[in-house]
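Right, one structure below, let's go through it.
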Amino acid sequence: MVENLDLSHKNLSVNLTTLNILDVSQNFFIGEFPLGFGKALKLASLNVSSNEFNGSIPLDIGNATSLEMLDLRGSFFEGSIPKSFGNLHKLKFLGLSGNNLTGKIPGELGKLSSLEYMILGYNEFEGEIPSEFGNLTSLKYLDLAVSNLGPLPSNLGESSPLQWLDVSSNSLSGEIPVTLCSKGNLTKLILFNNAFSGPIPSSLSTCSSLVRVRIHNNLLSGNVPVGLGKLEKLQRLELANNSLTGEIPDDIPSSASLSFIDLSRNRLHSSLPSTILSISNLQVFMVSHNSLEGKIPDQFQDSPSLTVLDLSSNHFSGTIPESIGSCQKLVNLNLQNNLLIGEIPQTLANMPTLAMLDLSNNSLTGHIPENFGLSPALEALNVSYNKLEGSVPENGVLRTINPNNLVGNDGLCGGILPSCYQNSAYSSRHGSSHEKHIITGWIIGISSILAIGITILVARSLYVRWYTGGFCFRERFYKGSKGWPWRLMAFQRLGFTSTDILACIKETNVIGMGGTGVVYKAEVPHSNTVVAVKKLWRSGNDVEVGGGGGGGGSDELVGEVNLLGRLRHRNIVRLLGFLHNDTDLMIVYEFMPNGNLGDALHDNKSLEEALDPSVGNCRHVIEEMLLVLRIAVICTAKLPKERPSMRDVTMMLGEAKPRRKISGNNETSLAANNINNKEMSVFSTSPVSGLL
């Protein structure tokens, strides 16, 4: 007599009436799901996840009253949830997520007194969440994410040891139930992308089991509850994009566990607590777009783990603390749109990991530090609209900085800006006599006409030599001249120049960053050209490139060329040439022929043509590749501040699995443990707002 049967990746052919456990997951079965399971009175576990069934869930499954585990996730079932499921009084695990289920969730599920795990997310339900769910006395895990559902039951969690609640990206409104942590077991509270209003329940500030609170993108009002900083296990606090008012509680700095705090885009006021940046595990602190004021706390020597600090768009005053330079892991520092004064601390130039620095729209004075461009990791700098003066250093990132990131500082000159000599000459002429103005004007006019004429003749000569004789600029043409600091070595005729490319090397055009450098998207409108430009990390040695692309070449260049040479599939990359000067090297290659994946995603266009057909054409394989592509699009957002950290990317990649590709388990208890230790909803832990 057959009592246990595991048919994963096998064919199904057996008498079901004597079965105790049946697992046919990941078989890629197609067609309608077979009837007859209502007669399997001994069946305790049924796992048919990750198949491609069509049609409805058979009603007679509700007659298999011995079932303790029922897993139908990711199998393309349609229709509604059978009300007969309310008869499965022994059921502990119910998985229906990732299907095409519609209609209302039946209230009969509220009769399942043994149910511990209910996973219904990523369907197309409508209506309200049944109030009967508040009566489930064993419920630990409830996932209703992305399912178009209505309000939460006001008594949810009152009678159950609720540990995990994910109702993100629905249409939930009203106040957050105060009963969610009544049993003191709640660890994950995921409510983002809804329309919850009213205050944050004060009961959450006494829920000592909380690990993550993610309530961003709602309509919450009132104050941030006092007591959250005393929760010993709380690691992540996300309350951004609400209408919270009042002060940041003084107990937040006392936390020893918080690593991620996002209170941005609210209506908070007053000053920051003096020790807010002294949280030992703090990695991300964002409070942008509030009305905070006062000085920035000078406690950065106590912030060893800080990687992102965003205090932008507030009313902070005073000087930039020197101690920021002690943050050895800081990658992104954004202080724009404040009332800061004083000079830019030179310690910022010595930070080993600082890649993005925005100090724009303040009242900073003095010079740009001379060694600023030599910062080891700095790639994006914006100091526009301050009161800076003096010469712009001509080293490192400042050699190719976008002029828009320097505007609004009338005293700046030199570098990529007009020379300081021209500025002083203008001041002298301004106070001279009327006759001197006239003479000077004639001289300038005649000189300009002569210069334009000479430029046209030289440009025509260069154009002819370039396009008819394969002309490449020679080394002697550049020596001793600052007019042409960059050389473009092409392997074919190009419709753009080095000037066109350099104009696109700016923060808003960054599309990627890897171990060897930063990749920019360069658009040249006059030639209708789109290329990708990779700027290699500076190694500290001058980069030498042999004439015409041959010769010695640096290690970075050789490695990059070898890499590009191996990318053969569908002619994705074609090397066009090199753009370099004495210290920096950029590699120019064709952009992907299928266009920008991010644009295609947002336009709801098909991406299957961009996938490698040799990997496979099964629906779950295609879905998994598309999930990874979505992560890639998030990681290449135009604004660096919108990109997730590597820690979050790693987490998202670990979760980027098809919702129906979830291995079954022959033991109900093991399956329950797996669910308890892992977030099953795809992207449910990402810190980036609006991923889906």
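The values are calculated or read from the model by the stated rules, or taken from the named source; none is laboratory data. If you're wondering where the values come from, they're calculated on a predicted model, not measured in any experiment. Because the Cβ atoms are built from the backbone with ideal geometry, glycine has one as well, and the counts that use them run over all protein chains shown.
The range 488-557 holds strands (runs of 3 or more DSSP E) entirely within its bounds, and those carrying 1 or more residues that are at pLDDT 85 or above map to 517-524, 529-536.
Considered as a group, the residues in the range 12-64 that are of a type in the set (A, V, I, L, M) and in a strand (DSSP E or B) include one that is modelled with the lowest pLDDT, and that residue is Ile30. Within the range 213-253, the set of residues being polar (S, T, N, Q) and closer than 21 Å to Gly184 by Cβ comprises just one member, Gln235.
Against the condition within 18 Å of Leu67 (Cβ to Cβ), crowded, with 18+ Cβ neighbours inside 10 Å and either of a type in the set (Ser, Thr, Tyr) or in contact with a Cys (Cβ under 8 Å, 6 or more places away or on another chain) (or both), how does Ser113 come out, does it pass? Criteria not met by Ser113. When the residues of the range 30-54 are filtered to those that are within 21 Å of Gly74 (Cβ to Cβ) and in contact (Cβ under 8 Å) with a residue 40 or more places away in the chain, the one that is surrounded by the fewest Cβ atoms within 10 Å (Cβ to Cβ) is Glu52.
Go over the candidates Lys183, Lys188 one by one and state the one that is modelled with pLDDT under 95, surrounded by fewer than 23 Cβ atoms within 10 Å (Cβ to Cβ) and among the basic types (Lys, Arg). Going through Lys183, Lys188 in turn, the sole match is Lys183.
Hey, among the residues in the range 320-370 that are charged (D, E, K, R) and either over 25 Å from Asp410 (Cα atoms) or surrounded by fewer than 22 Cβ atoms within 10 Å (Cβ to Cβ) (or both), which one's modelled with the lowest pLDDT? Checked the range 320-370; the qualifying residue modelled with the lowest pLDDT is Glu370.
Yes or no: Phe125 part of a loop (DSSP other than H, G, I, E, B) and within 21 Å of Ser49 (Cα to Cα)? Criteria met by Phe125. Please state which of the following conditions Leu237 fails to meet, knowing it meets all the rest: (1) part of a loop (DSSP other than H, G, I, E, B); (2) crowded, with 23+ Cβ neighbours inside 10 Å. Tallying (1) part of a loop (DSSP other than H, G, I, E, B); (2) crowded, with 23+ Cβ neighbours inside 10 Å, Leu237 fails exactly one: (1).
In summary, Gly198 fulfils each of the numbered conditions (1) touching a strand residue (DSSP E or B) at 6+ places or on another chain (Cβ under 9 Å); (2) surrounded by fewer than 17 Cβ atoms within 10 Å (Cβ to Cβ); (3) at pLDDT below 95 with the single exception of condition (3).
Considering the range 212-226, and only residues there that are crowded, with 16+ Cβ neighbours inside 10 Å and aliphatic (A, V, I, L, M), the residue that is nearest to Lys183 (Cα to Cα) turns out to be Val213.
Selection of the range 235-247 for residues being within 22 Å of Leu292 (Cβ to Cβ) and not hydroxyl-bearing (Ser, Thr, Tyr) yields Arg236, Leu237, Glu238, Leu239, Ala240, Asn241, Asn242, Leu244, Gly246, Glu247.
The residue list Leu306, Leu258 contains one member that is over 16 Å from Leu239 (Cα atoms), out of contact with any Asp or Glu (no Cβ under 9 Å at 6 or more places or on another chain), of a type in the set (A, V, I, L, M, F, W, C) and crowded, with 21+ Cβ neighbours inside 10 Å, which is Leu306. If you scan the range 364-421, which residues turn out to be in a strand (DSSP E or B) and over 19 Å from Asn332 (Cβ atoms)? Selection gives Thr365, Gly366, Lys387, Leu388, Glu389, Gly390, Ser391, Gly411, Leu412, Cys413. For the range 386-401, filtered to residues that are closer than 17 Å to Asn362 by Cα and buried (at least 19 other Cβ atoms within 10 Å of the Cβ), the residue that is farthest from the chain's Cα centre (by Cα) is Leu388. So, in the range 128-159, of the ones that are of a type in the set (A, V, I, L, M) and either farther than 17 Å from Asn100 by Cα or not in a loop (DSSP other than H, G, I, E, B) (or both), which residue ends up nearest to the chain's Cα centre (by Cα)? Checked the range 128-159; the qualifying residue nearest to the chain's Cα centre (by Cα) is Leu142.
Test Gly98 against the stated conditions and say whether it is within 24 Å of Gln26 (Cα to Cα), in contact (Cβ under 8 Å) with a residue 24 or more places away in the chain and touching a Lys or Arg at 6+ places or on another chain (Cβ under 6 Å).
Values: within 24 Å of Gln26 (Cα to Cα): yes; in contact (Cβ under 8 Å) with a residue 24 or more places away in the chain: yes; touching a Lys or Arg at 6+ places or on another chain (Cβ under 6 Å): yes.
Spelling it out, Gly98 is indeed within 24 Å of Gln26 (Cα to Cα), in contact (Cβ under 8 Å) with a residue 24 or more places away in the chain and touching a Lys or Arg at 6+ places or on another chain (Cβ under 6 Å).
Of all the criteria given as (1) in a loop (DSSP other than H, G, I, E, B); (2) modelled with pLDDT under 85; (3) more than 25 Å from Ser80 (Cα to Cα), the one not satisfied by Leu5 is (1). The number of residues in the range 321-349 being of a type in the set (S, T, N, Q) and over 23 Å from Ser280 (Cβ atoms) comes to 4. Among the residues making up the range 372-404, those that are among the charged types (D, E, K, R) and either touching a His at 6+ places or on another chain (Cβ under 8 Å) or free of Cβ contacts under 8 Å to residues at least 24 places away in the same chain (or both) are Glu389, Glu394. Put simply, of Leu109, Leu162, Leu94 the only residue that is of a type outside the set (S, T, N, Q) and part of a loop (DSSP other than H, G, I, E, B) is Leu162.
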